[in-house]
């Protein structure tokens with residue numbers, strides 16, 4: 001079974017327009033040739049790359065909180081994929097980020113944001129680096 005092992009995430013937030021753009025390098029375990037990825041409904045993929053080559057993807061289903069995408073013809077020998085995605089934020093209701101200590105952060109309801117294999121924080125465990133860039137002032 002393919003699982004996510006690590007996110008290396010850069011988030012740029014524009015509070016004036018209520019938008020964010022993200023670059024997320026995801027490291028997988030047991031990567032298959034074709035996988036299904038979920039992304040919160042408020043967001044859309046711009047590009048998906050593997051080894052700097054664009055990969056094919058298409059939206060195949062829209063649920064209550066997330067859209068499901070099919071990504072095809074991946075190189076199973078290369079376990080990192082770069083996802084570029086963007087979207088608009090109306091509010092952060094239902095989402096919680098708790099900083100437990102400097103090296104541990106708990107996310108609640110993250111499937112409204114991050115690309116994931118299953119749309120539930122209870123089904124996946126992974127590590128990540130996150131870099132949030134806000135404009136001055």
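Annotations
- Among the residues here, residue 79 does not qualify as over 13 Å from the mean Cα position of the chain (by Cα) and exposed (fewer than 11 other Cβ atoms within 10 Å of the Cβ).
- Strands (runs of 3 or more DSSP E) lying entirely in segment 30-133 (those with 3 or more residues that are modelled with pLDDT under 80 and either within 23 Å of residue 14 (Cβ to Cβ) or touching a strand residue (DSSP E or B) at 6+ places or on another chain (Cβ under 8 Å) (or both)): 96-101, 104-108, 127-133
The values are calculated or read from the model by the stated rules, or taken from the named source; none is laboratory data. Small disclaimer: the values here were computed from a predicted structure and weren't measured. Virtual Cβ from ideal backbone geometry, glycine too; neighbours counted across all protein chains shown.
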